[in-house]
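We did not get these values from a lab; they are worked out from the coordinates using the rules stated. Please read all numbers here as calculations on a predicted model, not as lab measurements. In this analysis, Cβ positions are derived from the backbone assuming ideal geometry, glycine residues included, and neighbour counts consider all displayed protein chains.
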Ligand SMILES: [Zn+2]
Ligand SMILES: [Zn+2]
């Protein structure tokens, strides 16, 4: 739009000076140079407005705890909806951190840069393997221990994070033994998401959906380490947020669409937060299950395939299963 207006401007200048003021030809050239400069400025300006490649992590919307962000199938929400997480159910004895006041902005958003992190660098005996068999399956095995260091869990008494979240759980080995379709297809109906693993990251640990067992926004309330992960009562390390360290550990983004970051339980892939033009995606850019379909790199080939995205806003990863978990 801006570009065509500037071009029209240039043409008008040209025809005016050529037909009426030949002796000002040099001036016209000057105008053209000025016009081209203007055009270049307006192009770069326009790119900045349409393609947002770095997220603003200081103003993130709170998800959860609202009648629209979390829909619960067994409490009267029979289907998923746009911008929502469709849970199968919510436990009656949920626990978790609740006080987010120290990183809540006056406008009601939350500031990731002000939220405490679980400190530490604990290394693990990681085991993880992904392979394709001859029957069209992807076989994933492992012990759920990540191939990167984690924070110290249980959260240590007296640390900054402990003031907000007294998560008493350790991280222990958990057996992963999954058979997923190598080329998943959407199901006739989407399905709801349960607590526990909703998928597995290429780092070898579980991906959980965006809600705590209290029905709050887990990433905004619970104390996570610098990889966006923590542990729970099942002693399973898992992610709630696409932290930069997690993304970079899997693949450093340079341009264009994000790289694959893991597989959800229906076999569809989950990619980082960048769309096809390198833009930062938000949940509003995706469908009710938090995904979309376009050609992506899949087992070494470009395939026009449905896939999920991690985003920096609730529900962060999956909204419902598009395929069959
Ligand atoms: Zn969690
Ligand atoms: Zn995509």
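Cβ neighbours within 10 Å, averaged per peptide: list 308-315, 187-194, 123-130 in order, most packed at the top. List each step's numbers first, then the result.
Working: 308-315: 24.8, 187-194: 16.8, 123-130: 14.0.
The densest-packed peptide leads the list: 308-315, 187-194, 123-130.
Cut-off is 10 Å between beta-carbons; in what order do 162, 110 appear when sorted fewest neighbours first?
Details: 162 16, 110 23.
Lowest count first: 162, 110.
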Calculated over the stretch 59-325: convex hull of Cα atoms, volume per residue (Å³): 123
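For residue 127 and residue 74 in one chain, what is 0.36 nm times their gap in residues minus the Cα-Cα distance, to one decimal in nm? Mind dumping the intermediate values first?
Numbers: separation 53, 0.36 × 53 = 19.08 nm, distance 3.62 nm.
Length difference between fully extended and current span is 15.5 nm.
Using the beta-carbon distance between residue 99 and residue 293 and R0 = 45 Å, what value does 1/(1 + (r/R0)^6) give for FRET efficiency, to the nearest 0.05?
Details: r = 40 Å, r/R0 = 0.89.
After rounding to 0.05, the efficiency reads 0.65.
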Residue order, fewest to most surrounding Cβ atoms within 10 angstrom, among 303, 296, 118: 303, 296, 118
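For each of 324, 231, count neighbouring Cβ atoms within 10 Å of the residue's Cβ, then give the residues from fewest to most.
Least crowded to most crowded, the residues run 324, 231.
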For the stretch 237-302, radius of gyration divided by Kirkwood radius, i.e. Rg to Rh on alpha-carbons: 0.93
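With N residues in the stretch 188-313, what two-decimal value do you get for its Cα radius of gyration over 2.2 N^0.38 Å? Present the calculation step by step, with values, prior to reporting the outcome.
Numbers: Rg = 14.1 Å, N = 126, 2.2 N^0.38 = 13.8 Å.
My calculation over the Cα atoms of the stretch 188-313 gives 1.02.
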Zone residues, the stretch 288-320, relative to residue 185, backbone N less than 14 Å from point 7 Å out along Cα-to-Cβ: 306
Distance between the stretch 136-198 and the stretch 251-325 - C-alpha centres, whole angstrom: 18
